[in-house]
Every structure is written in C-alpha cells, then in structure tokens.
C-alpha cells in the first residue's frame, strides 16, 4: 500500500496539518512505534494482532475446510469482528462460491437467505470466540434446523472457529467437527488474518499464503517515522486531522468489490478509537456512486471531514461502445476503467480545490497479496492512532451494557440494565 | 410513521433540546410550514416534490412497463437520485423479480452483473433527467452492447425515464420506446414517488397506489406545529440537535431490507443540507449488525451524534430452536423477531443511559403503504430542516466542478477544472 497525504497539508486544506507539525508529531510516532514493537515482542493483548502474518498457519486452515471441499456455497454465521474480516476478503476477490453472511437476526431476511441456498452443497462457517454471542448462536440454531429439515447432516458441513472453552467448543468436541481457534490476544476486529477471516477465504479457494505475505511485507515497513511507513503515515495524518477538527473520516473506495472493506474499516476505527469522548467517526462511502450523493456535503458542508480515497488498478476493463450522439461521443474513446479513474481524479481535485483535506491510499490491484497488505496497514494505522490518542485501542466496554439488557429482556437472567428499558422517556408525535 | 423524540430532550441527553427550546423552535416551524405550503401551492422548484402523491399517475407507469410484463429480472441504469429511490422501494419489499442497479462504473463489477442476468427475460430501466449523465450513459451503452451480443433486441426491453429533451429523449422517440418523464421541479433525491422510483416498483409488481396513498396520508399531517406532525417533529429535532453539537446523524434501521433506505436518506440529507458549511452528516448504520461495530463509538465517543432508529413490525417471524446448552437455553423460548426487538430496545436504552441523544421512527410493517409514508415523511422533514438552516435545499452546486473535470479529462471539451488535476500536491509514503 502506498499513501499520499499531500492534500491533507495545511498549505492545501483547512483543516490541514503543516509539515512542521507533522515533523513534531513524528517524535510521538517514534515513541508509539517503540511501544507497539514491545507489545508485539511480548505478545501483549491486542498488539499480538500485528504478529498474525507469521502466526497464522494456512495449512491448518486448509485442512479444516477439506471436508467441505465440494461446497458451492458458504454460510458464515458470525457478527462484527467474527464476520466482517471474512466478508471483506471474499467480497473483494472473485470466486465461484456463493457466500452468505448471517450477521443480523432479521427473521424475514434469514428465511429468504436460507431458502436460496443449495444446502446439500453448502458449508457452514460458525465463528464466536465466547461461543455465547446471542445473535450468532440463535442463527446457528436456525441454520442447523434448516439443514435438519432438508435432510442434510449439518455435522458433516460445519467448521467451528471459537475460543478454548464454551458451548461452541463443546459442540465441536461432541460432534468431532473441524475446529479452529480464535487466536488469544487478538480482538475480533483485528482478526481478519487469522482463522476468523481466512476459513471463508479457504473455502472460496483463495491464496492464503499470498494474503499473509502481503501483510508480512507491510509489517516490514513499520518504522520509527511516519515518513518511512505508509500505515503510520495514514494513522498519524488521520489523528492530526481529527485534532484539528476533522472528526469524520469518510472512507471511499473506487471499486465495488471494496465496499465491504469500508465496513470493516468502520468497525476497526469506531470500536478501537471511540472511547473517552474521543475518536474519529468513520463513514462508509463508495466511488463513483457517492459522488452523486455525498460529494455536495463533503465539498460544501462543515469543515469536519477527512476523505480517505482508496484506489486500485482494475483487474479487467471494458470499452464503452461508440455512439453517434454528439454530446456523448467523447465517451466512445474510453473504457469504463478510464471513466472510473477520471471520476476519481476529478473528485479528489474538486475537494482539494475547495480546500477540503483528503488522503489517497493506493493498492496495485485487487488480489490476495495487496488485500492482505491493505488490511494489515489499516490495523497498524489504527494501533498507532490509538497510541496517539492515548486510549485503550483493544477494549470495547461500551457494548457490554446493551448485551446485558438484551439478555435480561429475553429472560436470560436478572440484569438491572433491562429495567432501564421500561423507564424510557417518551415524547411521541403520531400520525 | 410515528416519532418518539423523548430521548433527545435535554433532560435525558447531552446534547439535547429542552422542551422550552422546542416550543420556541415551533414558532419557526410554523413560519417554515407556511413557506412550504406556499411553495407547494405554486408548484415551486423543489417544493413540488411534496405534491407527488397527487401528481404521480400509476396507470401511466403501469402502461409503460406493460411490454416487459414477462421480465424475471430488471436492470436499472441510473445514479444518485435516479437510482436510490427505486432501489429503496424494491429492496424493502419482497418480489420474485431479480433487481440489479448499475449505479457505478467499475468494469469488473459491471461485467459480472451482466453475466449473471438472463438477458432475454431482463427489462432495462434507464433513468437520467438530462440524458447526458456520463456514468449512466456509459453503462447504458455497455448494457445495449451486451443485449446485442446475446441476440436480444434491447429496444423491446427498455423503458426510458428522462426530461423533455436530450439524448435519451431523442433515443426514445427514434426507437418508439415506452418513455416516462422525470417530473419538473423535483430534484432527483426527492423523486422516489415519481416514475423515477416507481418504474422499478411496477416491474416488480408492487402496489403503486398504496405507495402513493401512504405518502398522501403523511401529507395530511403537515401542520404548523412540530407537535402535530411526525415529519416536522423529526426534522426540527435533528436540526436542533445539530445546532447543539450533534453534527452527525446515524440512521439505523432494524431490518435488513431497510438498509437501502438508510442510503437513500443519506443522499437526501447530505445533498439537501450540506452547503454554506452547514448540514448534518448522515451515517448509514444497521441494527443489530452495527451494535457489534459502531455502538462503542456512539455510546462512548465524542458527543457529536444523533442516532435515529427506524423500527418496523416484522412481517414473518421464526422461532429459535431449543437447545440443551445451559448458557443458551434462554434463547429457546424466543423468536428471532423477539431477539431483534430486545436488541433494539437494549441499544436504545444503552444510549439513553449514557445520555446520548436518539430518536425513534416507527412504521407498522414493511409494506407499500408504510414505505410510501416513510419516504414522504423524510422528504418533508428534510425540506423543513432546510428552511430552518436557511439553505437552498433543492440545489447541489458543489457537484458540478467534478463533473466538468471528469469530462475534460476524458477529452469531452476544454474545462479549466481538468487542469487542476495535474497540479496535485504530493506527499507520498511508499512501501
């Protein structure tokens, strides 16, 4: 991954960061880098995620999916960090395997998804570290029942990825299911390059070694200066812009297949940095589509945004057929890839011309190697930003409250949080 | 649609709006309502959108799609307001028709989408007011070529929705294609309830009258007080919260099929209000999925957000199968619908308990009538907010710059904007 932060400089944009400020910030980056390296060496909680390129064993993952080598479809049952990494990888890369991610509990939608799957040729990838995540376990029970109803033995089709103990772990033991471990010390949102993200990639036939090699190549760039390391350049710039008023970070890939990446990034950024009333709000956008939706706001709304472009060479191009219509003749000399590239350059320039800060992330093409590098770089950028903010990047305490309340509401025990639901203040305006 | 703004009151949240402030704001709402009514009566640009429930003719739309009554798939070629309204409607409602929206120019993606379609049973819905939108026309040329290559006569399968003149209008005349009009005075993002959004709904067999009737019922609620009108209650509260620091509006439907609604809302809000350095930034979220992604930030990050929940009765429920696992037994007494509802209530209460402002929008179920009402209400809320901000809600001047630059880059004429692209300031950090 390469980064260009030229359009985020104070000479170009407001808010912007001056070169002098970046150099001062670089001293903090050097200290943060030492902290990160130490955390990695000692396999500390969270920092351990940055060791995954060496720690993950692709052979083990391939062996686990061997029993479902005939799968034409894959249903992944997981939510949040147990789903988004896998979804990002398989949505980015082409494959003949149909993939479904059950990361919500909407009954209409689940029923429709299950009806559309050829169950006898479908593999199940169930992922939960604790083995007790309510949404995931409820969905897994529903999926099992659907397999039972169709007369397909779910124990022959299921791969479990979970922690060292808990209901899913017990279930895998009892039915002798292929089972992989959610790595210790790696929060879900940082686990794309472990079994959590890579089982789905393996079922779809993607090159696991290349994913890890791409990540390892970025690991080699981690260094004590943001000017030497693309990941740190991005993390430090995003942090500096937030400090100067860009509380929103709109991530805008120019490739449909990277739309899920923007969702993955949004979890990484929000859950890692959103604490102590700090943290930049990630917004998912998509080029060129959102030029016709969000660009007006980005260019002329409040000066509270950094726009992060992500561009990739297109793998396949397609000429635009010629037309006799005079006003459109110019399109006939171009390809769709040319149009996409021109739209990106024009949008980037239009923000720069309006003095709105933006950063460009570049990958050479969309393949396993580049994707592994991109995911790793963003994780390293996020860890660095967490050090600069001084927050605990690897915890997510604010989501516990609602989990307890949900459980209490469903009769799963006494939780005072559930009582608060009944005490809601209302001010209703009805039709 | 009903609205509950109780959790946005200053007594409950920070930022929040006090009842006294709401009553003062209500005087501005009364004036704004008069302005809106006058605009509607005089069919003024933009305000005319709120007249669509009476102006749109469902018979005309059904007649236009009659030639493709056998369609098993529909490809809509349009972008921004020419696509999102239609996508919102057909994604929300169930149908057997496969729908594809070509709202991007990514060549890999377009090729894959076209390969997956049964072209001889596919209808084409091409939408562009000017008939010159580069992305739409390029894609339409590509689609036509694909039909030609497959030996399918595209002129038998195409419905055009466009303005009174321009290349698409000429094309429809030349080939005698069924043709509908993008209504005058209605910006694209406000056109869901015209032919722009309803051709797709008609091809999918949805009840067009019910869509319009639901909208008309909300039109009847427009009144001189936010306490009498759900749409205004929402628009005024969102505005008041923004004034008090909630510059971000995270819209979080609790139904997968309403995910596209959040995208439609994001365009409506961003493009209408994002000007003069004002405007609230819309963020698309999805319950329950984003509880495991964004909730940490919403509950513990900066106090700069309003969370807008959208809930609907589920049309179909699904029991969670029983399990012997002790820690999960509580799930076995519930349905997925119960779980979804408990998750919503818990999340709403968890934000309230942390003093984070949120608003609840409720629709009875997801059907044509309720959806028409929801779309209309959000448009009316947006028009009201535009009056309160004092911006020109119905223009989008900031997107023109990039359009000219794109055209210049592709050799479609001399535009000084294109030159700015070459002058980009770089600060590159490479791997």
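Across chain B, C-alpha contacts under 8 Å between residues 6 or more apart give a mean separation that, scaled by the residue count, equals a relative contact order of 23 percent.
Take residue A:164, push a point 7 Å out from Cα through the beta-carbon direction, and compare it with the same point in every other copy: 7.6 nm, smallest first.
Expressed as a rounded percentage, what relative contact order does the stretch B:310-430 have, with Cα pairs under 8 Å and six or more residues apart? Once normalised by length, the contact order is 19 percent. Chain A's nearest residue to the axis relating it to B, judged by Cβ and reported with the distance in whole Å, is A:283, 3.
Given a Förster radius of 22 Å and the C-beta distance between residue B:19 and residue A:430 as r, what FRET efficiency does 1/(1 + (r/R0)^6) yield to the nearest 0.05? It comes out at approximately 0.80. The overall shape of the stretch A:50-209 is rounded: from the C-alpha gyration tensor, with semi-axes ordered a ≥ b ≥ c, the ratio a/c is less than 1.5. Structure remark: mean-square fluctuation, Gaussian network model of chain A, C-alpha springs under 10 Å; the largest value among A:395, A:37, A:345 belongs to A:345. Partner shielding of B:128-138 amounts to 4, given as the average count of beta-carbon atoms from other chains within 10 Å of each residue beta-carbon. With a Förster radius of 35 Å, plug the Cβ-Cβ distance of residue B:35 and residue A:422 into 1/(1 + (r/R0)^6) and report the FRET value to the nearest 0.05. In this case the efficiency is close to 0.30.
What is the protein assembly as shown by shape, rounded, prolate or oblate, if you read a ≥ b ≥ c off the alpha carbon gyration tensor as root eigenvalues and call it rounded for a/c under 1.5, prolate for a/b larger than b/c, and oblate otherwise? Cα axes put the protein assembly as shown in the rounded bin. Here is how far apart the residue A:220 label points are across copies: 7.1 nm, shortest first, using a point 7 Å from Cα toward Cβ.
Under the rule a/c < 1.5 gives rounded, and otherwise a/b versus b/c splits prolate from oblate, where does the stretch B:258-321 land using the Cα gyration tensor? Oblate is the answer for the stretch B:258-321, as a/c is 1.5 or above yet b/c matches or exceeds a/b. Put in line by how crowded their Cβ is, counting other Cβ atoms within 10 Å and starting with the fewest, A:363, B:311 read B:311, A:363.
Relative contact order, whole percent, for the stretch A:50-209 stands at 34, derived from Cα pairs under 8 Å and 6 or more residues apart.
Against chain B, whose longest principal axis is taken from its Cα atoms, helix B:134-149 shows a tilt of about 60°. The simple spin-label model puts a point 7 Å past each Cα toward its Cβ; for residue B:220 and residue B:28 those points are separated by 3.1 nm. Cβ crowding within 10 Å ranks A:204, B:229, B:382 as A:204, B:382, B:229, fewest other Cβ atoms first. A Förster distance of 60 Å, applied to the separation of the beta-carbon atoms of residue B:152 and residue B:327, puts the FRET efficiency at 0.60.
Look at the stretch B:269-277: the mean tally of other chain Cβ atoms within 10 Å of its residues' Cβ atoms is 5. Here the Gaussian network model covers chain A, with springs between Cα atoms less than 10 Å apart; of A:337, A:355, A:372, A:337 fluctuates the most.
The separation of the stretch B:334-392 from the stretch B:1-77, counted between C-alpha centres, amounts to 14 Å. Looking at the protein assembly as shown alone, DSSP beta bridges between its own residues are antiparallel in about 15 percent of cases. Between B:71, B:32, B:20, the GNM of chain B built on Cα springs shorter than 10 angstrom shows B:20 fluctuating the most. Per residue of peptide A:231-238, the mean number of Cβ atoms on other chains within 10 Å of the residue Cβ is 1. Ordered by the count of other Cβ atoms within 10 Å of each Cβ, fewest first, B:44, A:417 give B:44, A:417. Sorted from shortest to longest, the distances between the residue B:43 label points of this copy and the other copies are 7.5 nm, with each point 7 Å from Cα along the line through the beta carbon.
Across every direction, the projection of the convex hull enclosing the Cα atoms of chain A has a mean area of 25.2 nm².
Compute the long axis of helix B:208-219 from its Cα atoms, compare it with the longest principal axis of the Cα atoms of chain B, and write down the angle in degrees, 0 to 90, nearest 10. Compared with the principal axis, the helix lies near 40 degrees.
Readers should treat all values here as calculations from the given coordinates under stated rules, not as data from a laboratory. In this text, all values refer to a predicted model and were calculated from it rather than measured experimentally. Positions of Cβ are backbone-derived with ideal geometry, glycine not excepted, and every protein chain shown enters the neighbour counts.
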